[in-house]
1. Looking for something touching a residue at least 60 places away in the same chain (Cβ under 8 Å), farther than 21 Å from V260 by Cα and small (G, A, S) - is there at least one such residue anywhere in the stretch 122-144?
2. Report the residue count in the stretch 367-378 for those that are open to solvent by less than 60 Å² (accessible area, probe 1.4 Å) and either within 16 Å of I274 (Cβ to Cβ) or modelled with pLDDT of 75 or more (or both).
3. Return only the number of the condition from (1) more than 30 Å from I309 (Cα to Cα); (2) of a type outside the set (F, W, Y); (3) within 40 Å of the chain's Cα centre (by Cα); (4) crowded, with 19+ Cβ neighbours inside 10 Å that L94 does not satisfy.
4. Let me spell it out: the conditions are (1) within 18 Å of I277 (Cα to Cα); (2) touching a residue at least 24 places away in the same chain (Cβ under 8 Å), and I332 meets all of them except one. Which number is the exception?
5. Out of all the residues in the stretch 67-76, is one or more closer than 17 Å to P42 by Cβ and buried (at least 20 other Cβ atoms within 10 Å of the Cβ)?
6. Of (1) outside any helix (DSSP H, G or I); (2) over 38 Å from the mean Cα position of the chain (by Cα), S191 satisfies all except one. Which?
7. Looking for something touching a Pro at 6+ places or on another chain (Cβ under 6 Å), without any contact (Cβ under 8 Å) to a residue 24 or more places away in the chain and not in a loop (DSSP other than H, G, I, E, B) - is there at least one such residue anywhere in the stretch 105-113?
Amino acid sequence: MKHSIFTLALFYFFNLASAQDVLHIESIPTQVSAFQTGVGIPLNTGWKWKDGDSLAWSRPDFDDHLWQPINPLLDVHDSLPQLPKSSVFWLRTLFILNTAIQKRQLALLIQQTGASEVYLNGELIKSFGIINTDPGKTFAYNPAFLPVLLPVNNKDTQVLAIRYLLDKNAHYTKAFATTNPLFEAKLQYASEATSNYYLNIQLLNNYYFFATGLFFLLALIHVSYYFFQKAQRANLFFALYALCYIAFIQSSVVIDTHIVSDKYYALTTGLLLIIIIGPLLLTAIYELLHAKKDWIYKTLLLFSGISAIMYFWQYEWGWHAGADIMSLLIQIAIVRIVFKAVYQKKKGARILAVGSIIFLISFGLFILISLFSPQNLLLMNLFFVFGVLSIPLATSIYLGLEFGFLNFALQGKLVEVSELSIKNINQEKEKQQILANQNETLEKQVAERTAELQQSLQNLKSTQAQLIQSEKMASLGELTAGIAHEIQNPLNFVNNFSDVNTELIG
């Protein structure tokens, strides 16, 4: 008798405790912001689980008081070690709806990390992934709050049972505040849930397209700047920075995939890109401001490499080292070097300072939204993009203005060159005229001198002819005198002989 009373007492207290765990839903919010995803009444109390597999466990009349309580929102990697990794198990919970809610079509919003079959009051309503004890055939699928129609019965109490299997080969990460819950379910009216789900998909796709276009234009601008002026190496780093962000955005598209096994690799790729992006932007600012790469710069580059190692080493918070801490330290270093350049009155530093202030505001709003309203993914991503674009856009504006000022200066120089060219042409014409006049004067002088020279030449020729004639006459005189002398000697001999003969004769 005492034993029966004790058993009844235990049964009473157990039922009382179980009744306290049953979720009573009196109302469901209908006003859902377009920037929010997965908004509804969370079914997060009264969950139990049991290892094994039996379809009888889905029936509402099944007695599950021996099942173990569980919090399905916990992380499957490190917070639920009791769960089997390669065998099927079941989850169950109860919730009570009031009559007004039952009159409208309801939807269940689910996200999970494994493969599941969802049963409501013993009826299969949806399957996500493939449940197979063969690890090679298991397919884990996350619906990411895809609305599932919930055909509730006319009874107040509803029984939700989940047949579940984890993917033994899947890898998990918490990068970018990713959660890996075992099973998360929310209740919402079907019309609001469906419209909000597809509206968010459209907004996210528009966001990805918008952000990709912005970074593509940024990359194109800086590539053009670099090929126009290769001496400014900052443009090369800004172009690489923008291209890496395009790759990061595309990895974010993959992050939104429903395939659990692909999500780890997409998140890892995105985190490594973020670790690379920070040093690229820091190097670009140093190059732009012609700052000396000091010990702060070198230390940040070293810690960026260490943060990548910490991501693979520490599951819980390792990703914060590269995605949060290093990004924030690099941005602080950029703000420091920019305001230092403002103090030194370097050209363009004030424009970069405005970009730095916009970054600080955008990054602060991004952190506040991520802490207090993490479901506003679109708004959070918009502030994140504005933050990461602020300094590069400020740099692009500065470089554009610099090119504009340079073009204006070149136009001024061109006008000066044109004026100088006209002046030089006029001076050249004057010089040509002077040279022409001088040439004419010189030609006259040369003609006069030539005439004088010709006259002198004629005189010289005449004198030369006279001299030649005189020399000829002198030579003839000498010849005649010689001949006369030669003739006179025999004649004198003849005369003398004649005189002697005359005397002899006489």
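1. yes
2. Taking the stretch 367-378 as the starting set, the residues that turn out to be open to solvent by less than 60 Å² (accessible area, probe 1.4 Å) are 369-370, 373, 376, 378.
Keeping just the survivors that are either within 16 Å of I274 (Cβ to Cβ) or modelled with pLDDT of 75 or more (or both) gives 369-370.
Of the residues in that region, 2 qualify.
3. It fails just one condition, (3).
4. (2)
5. Taking the stretch 67-76 and keeping what is closer than 17 Å to P42 by Cβ, we get 69-75.
So of that shortlist, the ones also buried (at least 20 other Cβ atoms within 10 Å of the Cβ) come out as 70, 72.
Yes, the stretch 67-76 contains a residue that is closer than 17 Å to P42 by Cβ and buried (at least 20 other Cβ atoms within 10 Å of the Cβ).
6. (1)
7. Among the residues of the stretch 105-113, not one is touching a Pro at 6+ places or on another chain (Cβ under 6 Å), without any contact (Cβ under 8 Å) to a residue 24 or more places away in the chain and not in a loop (DSSP other than H, G, I, E, B), which makes the answer no.
Quick grid of which residues meet (1) at pLDDT 90 or above; (2) more than 15 Å from L165 (Cα to Cα); (3) of a type in the set (A, V, I, L, M, F, W, C):
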| position | (1), (2), (3) |
| --- | --- |
| I28 | no, yes, yes |
| Q36 | no, yes, no |
| G40 | no, yes, no |
| N44 | no, yes, no |
| D53 | yes, no, no |
| S58 | yes, yes, no |
| W67 | yes, yes, yes |
| N71 | yes, yes, no |
| V88 | yes, no, yes |
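The values are calculated or read from the model by the stated rules, or taken from the named source; none is laboratory data. If you're wondering where the values come from, they're calculated on a predicted model, not measured in any experiment. Using ideal geometry, Cβ is built from the backbone for each residue, glycine included, and neighbour counts are taken over all protein chains shown. Surface accessibility is based on the protein's heavy atoms, side chains included, excluding ligands, DNA and RNA. Shrake-Rupley method; radii C 1.70, N 1.55, O 1.52, S 1.80 Å.
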